[in-house]
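Here is the structure we will look at.
Bear in mind these aren't lab numbers, they're just calculated from the coordinates by the rules spelled out. A quick note: this is a predicted structure, and the numbers were derived from the prediction, not measured. Every residue, glycine as well, gets a Cβ built from its backbone with ideal geometry; the counts of neighbours run over all protein chains shown.
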Amino acid sequence: MRVNTYFHFKQFSVQHHNSAMKVGTDGVLLGAWAHVHREETVLDAGTGTGLIALMLAQRTHGQAIIDAVEINALAAADARENFKQSPWVHSLNLAETSLQHVASDKSYDLIISNPPYFINSLKPPDTNRGIARHADTLTTQDLLIAAGSLLNVSGRLALILPYKEGNSFRLLAAAHQFQVTRQCLFYTRSHKPPERWLLELSRTPATLREETLILYEKENQWSEAYINLTKDFYLNL
């Protein structure tokens with residue numbers, strides 16, 4: 001049986017032939033949910049196949065310069081090809097390196113990340129998948145330190161985390177002088193426990209905006225809220 005190595009969206013396609021982590025709900029969620037308003041410089045930390053960077057390129061109409069970093073060579077190969085084939089090739093830059101090695105003289109309006117977050121869970125046997133899913137190569141503390149160095153004064157950090165890790169992250173963020181300014185609690189179904197936190201943080205004080213989002217309304221039917229959030233991207237919407 002032939003495996004489909006591409007995921008087609010309305011304005012771009014994502015090849016994930018090489019990457020251990022395929023296109024998934026987390027990346028689409030964050031790429032669609034993160035607030036975008038006149039950003040000129042964006043950094044996608046741990047871009048994987050480049051999905052989130054491509055979504056933000058679409059949302060900014062190619063006007064923002066989007067730098068993406070990816071430490072895994074196979075995932076970076078996919079991202080490089082996906083950027084090259086997109087309508088925004090001149091707005092997208094890829095560096096095969098870690099976030100910790102991004103030049104400190106750069107300044108960003110937004111840093112966005114779907115980070116490796118399974119801190120204490122059993123690692124999968126696939127080494128590449130393990131790197132993508134475990135916080136050995138990019139801890140949340142590393143992410144906050146980099147954000148503190150690379151964000152401009154009014155810059156924001158946006159990320160998605162599992163519910164438990166998201167609660168712990170808040171405390172760590174406060175110690176780094178970041179506060180949550182916008183949050184969304186994500187459920188797959190209304191009767192189940194929350195699964196993800198979508199968080200935006202800043203060092204500039206602001207009133208907290210709180211949201212909730214449910215993926216499935218009934219059976220396997222997407223909710224109206226999720227459809228409205230992602231309709232600019234999914235082909236079938």
Quiz item: Gaussian network model of the chain, Cα springs within a sub-10 Å range: biggest mean-square fluctuation belongs to which of Ile71, Ile160, Ile112?
Solution: Ile71
Quiz item: How many Lys pairs in the chain lie less than 27 angstrom apart by Cα atoms, where the lysines are 8 or more positions apart or on different chains?
Solution: 19
Quiz item: Taking only DSSP H segments of four or more residues, each worth -39500 (n - 2.57), what value at 222 nm results for the chain once the sum is divided by all its residues, to the nearest 500 deg cm²/dmol?
Solution: -8500 deg cm²/dmol
Quiz item: Which whole-number percent is the relative contact order of the chain (Cα, under 8 Å, 6+ apart)?
Solution: 17 percent
Self-check item: Alpha carbon centroid spacing (whole Å) that separates the stretch 1-61 from the stretch 147-211
Solution: 20 Å
Quiz item: From the backbone phi of the stretch 225-233, what are the Karplus-calculated ³J(HN,Hα) couplings (6.51 cos²θ - 1.76 cosθ + 1.60, θ = phi - 60°) in whole Hz, Gly and Pro given as x?
Solution: 5, 5, 4, 4, 5, 10, 5, 6, 10
Practice problem: Mark the label point 7 Å from the Cα of Thr97 along Cα→Cβ and return the residues of the stretch 138-154 whose backbone N is within less than 14 Å of it. | Solution: 150
Self-check item: Sites Ala73 and Lys106 - FRET efficiency at Förster radius 22 Å, r taken between beta-carbons, to 0.05
Solution: 0.45
Quiz item: Taking the convex hull of the alpha carbon atoms in the chain, what volume per residue do you get, in Å³?
Solution: 134 Å³
Quiz item: Once you list every other residue whose beta carbon is under 14 Å from the beta carbon of Glu217, what net charge do they have if Lys and Arg are +1 and Asp and Glu are -1?
Solution: +1
